[in-house]
Amino acid sequence: MKRKSALIFGASGQDGSYLAELLLKKKYIVHGVKRRASNLNVSINNDIYQNRYKKNKNFIVHYGDISDSASVYKIIDKTKPDEIYNLAAQSHVAFSFEVPEYTANANALGALRIVESIKLHNLIKKTKFYQAGSSEIFGRVQDSPQNENTPFYPLSPYAVAKLYAHWITKNYRETYGIFGSNGILFNHESPRRGVTFVTRKIISGLCKIKEKKQKKLYLGNLNSKRDWGHARDYCFAMWKILQQKKPDDFVIATGIQYSIKQFINKVAKKLNMKIYWKGKGIKEKGYDKNGNIIIECHKNYFRPLDVNTLLGDSKKARKLLKWKPKTHIDSLIDEMIRAEYKYLNEDK
């Protein structure tokens, strides 16, 4: 029986690494695309990337860039995969306000380059396509919780670009018959999360404060509410989406919501740190037991337009995909704390 092949754009990121591991366990031949300028996530299983040097390699690295049409077309033509997962993006929402054109090029036109390449290379009947969507497209939410029928209202260049990618995938599906599916994934974290993302930033900061390696943690809106799951669970959902007989769009979420402040308190409790809160809004501060300010809000970490609340309804995925999140937020935090201390010990 011929082995399936998959092509992952954004293979060096958090989701790309978990997805690659999953597909390799399922005996896929996996092609991973990374920008030559990008650094591999230090916490990714290095054994995967070492496979490219083996004679009978199951993981093959291709250097390319989702913002470059020629490299996208060339890699897809060369690999002719059974499945394509587009996880490549300019992934920082706040940063998208600073680089809106680059964000549009990577996040919006990147998806267009892939579906157009599938069409031009006559792969419509062979290749299934997964587009990594984001709950940010709901933005100023019209209904709560949000499902596949909730109106979109993006509030950042990042979200607008992701919405274009969502609709161009649907358009090529309906116009040309491409098997193109969107996963509207709510926030998903792991020890492989970049340190500039708020969950990893909080865990890293509090661990360092506890170990007296850092004095203060600066954050933005403490009252923003999010629906957090584990990236490993969500990558399994991506794979399940492409195993369906027909392409479709799915919200992937836990259905449980916490504020940034609640997340901080959970992490602090696990670290046996007591945080005392005083003030409101941007003036709210977190104090330790000795009265030292260890958490402070800073205007630089507030978005020009902020998404105040996101809460996902994944009933469709649970019913049709037979998927549900396996990792509770407390277990996720435990795993991230263990990994953070490992990084700290390695730094020593």
Among 226, 36, what is the fewest-to-most ranking by other Cβ atoms within 10 Å?
-> 36, 226
Which order results if 213, 208, 280 are arranged by neighbouring Cβ count within 10 Å, fewest first?
-> 280, 213, 208
Computed on alpha carbon atoms, what radius of gyration and Dmax characterise region 213-316, expressed in Å?
-> 17.9, 60
Share of Cα-Cα pairs in region 261-342 beyond 14 Å, whole percent, is 76 percent
In cubic angstrom per residue, the convex hull of region 247-290 built on its Cα atoms measures 106 Å³
Tell me, what does the Kirkwood hydrodynamic radius of the chain come to in angstroms if you use every pair of distinct C-alpha atoms?
-> 20.9 Å
Sparse-neighbour loop sites [trypsin sites (Lys or Arg not before Pro); region 121-150; at most 13 other C-beta within 10 Å; DSSP] | 125, 126
With Cα atoms, 0 to 90° folded angle of helix 14-25 axis to the chain main axis = 50 degrees
Check: C-alpha center region 236-296 vs C-alpha center region 98-145, spacing in Å is 26 Å
Taking every DSSP bridge whose two residues both lie in region 118-270, the antiparallel percent to the nearest 5 is 15 percent
Cα-based Rg of region 69-190 normalised by 2.2 N^0.38 Å, two decimals | 1.07
In degrees, nearest 10, the alpha-carbon axis of helix 260-270 is tilted away from the dominant principal axis of the alpha carbons of the chain by 70 degrees
Nearest-5 percent of antiparallel DSSP beta bridges in the chain?
-> 20 percent
For 189, 335, what ranking results if the residue with the fewest other Cβ atoms within 10 Å of its Cβ goes first?
-> 335, 189
Over region 120-275, what lengths in whole Å, largest first, do the semi-axes of the equivalent ellipsoid take, defined as the square roots of 5 times the eigenvalues of the alpha-carbon gyration tensor?
-> 36, 17, 13
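Here, each number is a calculation from the coordinates, and none is a lab measurement. Quantities reported herein were computed from a predicted structural model and do not represent experimental measurements. Here Cβ is always computed from backbone atoms with ideal geometry, including for glycine, and neighbour counts include all displayed protein chains.
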